[in-house]
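Shown next, in structure tokens, is the structure this report addresses.
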Amino acid sequence: MPQKRNLPLYLVASVLFGIKSYILYRFVFKLSMENGLQELILLINPFATALLFFMFAVWFKPEKQVKYIRRISLVLTLILYFNLLFYRNFTDFLTFPLLFQSSNMSDLGSSIMGLIHGPDLLLFVDVVLVYYLSKRVNWSAQPMFRQTRTAITGLAFALLMVNVALAETERPMLFTRTFDREYLVKNIGVFNYHIYDAVLQSKSKTQRVFADGSEIQEIDQYIDNQASADGESELAGVAKDKNVIYISAESLQTFVLGKEVNGKEITPFLNDLMKDSYYFENFYHQTGQGKTSDSEFIIENSLYPLSRGSVFFTNAQNEYNAVPEILSEYGYTSAVLHANNGSFWNRNVMYESLGYDEFFTEDAYTVNEENSIGWGLDDKAFFDQSVDKLKQLEEPYYAKLITLTNHFPFEMPEEQKSIDELQTGSETLNNYVTTVRYMDEAIQQFFEKLKESGEYEDSVIVIYGDHYGISENHDTATAEFLGKETITPYDHVQLQRVPLFVHVPGHDGEVKSEVSGQIDLKPTVLSMLGVQNNEDITFGTDLFSEDRKEFIALRNGSFVSKDHVYTGGTCYDRETGEVVAEGCQPIKEKVEQELNYSDSIIYGDLFRFFQFEHEEMPKE
Ligand code: GP9
Ligand code: MN
């Protein structure tokens, strides 16, 4: 029989787990380290947390201790691993609302496979080692005396307190301002972050119960004092009674437009479309964890999405004043066309609240192996089959078509590629250009079909990129593609630009340079359709009015104004990208206030207490 060792297993397991988490935080998750204090916190945290979880073992009977240690080491590792997989896709950490979106998680399918890497097995080395050691451990060496147990517990909590105190010094108000999950994880680690997130979750649930009508009056006052564009728009009423066809262009970012690969344009059709459309070159997506669903939420409501989770899931039963609902009073039929599972992003529930009349899901399409790529029905087949559905809608209609092929991991069968892959260090970016090109061709074919079928003339077509496709994980490759040395935080904000085309048949093209965002689409479309919103609460302004709000806020609290870009606590000159000492502060406060107002509306379901009013614009 092998010699049993005198080993305090909980301590060995803590140290191993601490080392592993440290390596993961420091070298795998790309947490930006700005100073020595941050480095120190990052070093203390993994060990403090590991000790906290493993030391509970000492309170169990000796034979239970070993079981507990084995189990907790596996569970904690799995939590780390799920976060890692999620991070690889979204450069973000899991939140509770997201975990409950199991319908989405299970649909991720092909994406998940692309995220699992062979070396990930290394993550489980300490789990196996702890298991092995646990077989050879000497029970009697585990701490048995009450004093020893209390001392160990005290030490674990003390270490954690030191960690939190250092974190508060490094980043005051860390826990009250939760825009940025990276800061949280950097300072308190993944596990404490999850505990904190759970507390937030229950807090937001109680918020609705305690909300009353008073706060919405304050918000209304704030909105009334902002720039208001009603009736002064260049394009007010130009599309009265016309159809609106929205195209949500999956993961399309502005940085690929106008670019070439081996002498071939990546987006030849869209590049041409700029010549006879209003094209917004400084248009930003403002989405958070809810990705496509967030972009939909923003354009229909002109509210911000939430900082955690997808509002399509968390607050699908709220009262809203969304565009489809408003337009139903002007004789419009509204529809969403998207060849995916109807419950993805909880769309089938949320669309009811937004006032949509019809939702064509994958069940309404002919989907087979020949016409599927990656996530499902390919965009060409999707558009092709969608034209007939549009024709059947009673006019005028407001329809949103959501594309899918240009989705991570950007799969494109060799024979369908009409452009070379890139040759950078990132497989993802290399493939991205091929699926972007495919989408470009699909949209071109859609325009042709719309013209053939006669739908084109009576419609306004709005194309927007829903959110980024290439995350920070591919910065080196992105820099290479753009011919830059590195991607700075300033560049990162600028990379959040997505294309916006407002195509009005018969109108000349114009490149618009004003800073704009998804939040502006609701007021813009309503004004083009000749609807005057007398009483509404929207955070965006009409894109064609002169009197525009001075900034576009991203969901993480970064913002872009005419002169500045603000992100991660630093203010930059918008033109040059140079760091500037001041200029951002006044806007920063407004941005925080707006994001908080928007959150209160959603969490408190405050539109229950508001009387909306709109009417037809008076004729000139
Ligand atoms: C799913 C599609 C993609 O239906 O909208 O969602 P995303 O992952 O981009 O949010
Ligand atoms: Mn999307």
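Surface listing: M161, M528, M33 arranged by accessible area from highest to lowest gives M161, M33, M528, probe 1.4 Å. Under 20 Å of direct C-alpha separation, and excluding same-chain neighbours fewer than eight residues apart, K67 reaches these lysines: K4, K135.
Ranked by the mean number of other Cβ atoms within 10 Å of their residues, highest first, the peptides 602-608, 409-415, 42-48 come out as 42-48, 602-608, 409-415.
Measuring between their Cα centroids, the range 346-386 and the range 278-338 lie 17 Å from each other. Compared with the dominant Cα axis of the chain, that is its longest principal axis, helix 146-170 is turned about 30°. The residues of the chain have, on average, 41 Å² of accessible surface per residue, using a 1.4 Å probe with all protein chains present. Packing here is the average count of other Cβ atoms within 10 Å per residue, and on that basis the peptides 451-462, 421-432, highest first, run 421-432, 451-462.
Note on the range 9-206: with neighbouring protein chains present and a 1.4 Å probe, carbon and sulfur make up 73 percent of its accessible heavy-atom surface. For the chain, a Kirkwood hydrodynamic radius built from all Cα pairs, placed in the Stokes-Einstein relation at 25 °C and 0.890 mPa s, yields a translational diffusion coefficient of 94 µm²/s.
Annotation: lysines with alpha-carbon distance below 29 angstrom to K264 (same-chain offsets under eight excluded): K275, K380, K417, K449, K451, K484, K512. If you average the alpha carbon positions of the range 542-581 and of the range 447-473, how far apart do those two centres end up, in angstrom? So the separation of the two Cα centres works out to 27 Å. Most tightly packed first, judged by the mean number of other beta-carbon atoms within 10 Å of their residues, the peptides 204-217, 124-137, 85-98 read 85-98, 124-137, 204-217.
The values are calculated or read from the model by the stated rules, or taken from the named source; none is laboratory data. Given the structure is predicted, the values throughout are model-derived calculations rather than measurements. Note: ideal-geometry Cβ built from the backbone for every residue, glycine included; neighbour counts use all protein chains shown. Ligands, DNA and RNA are excluded from the accessible area calculation, which covers all protein heavy atoms including side chains. Shrake-Rupley method; radii C 1.70, N 1.55, O 1.52, S 1.80 Å.
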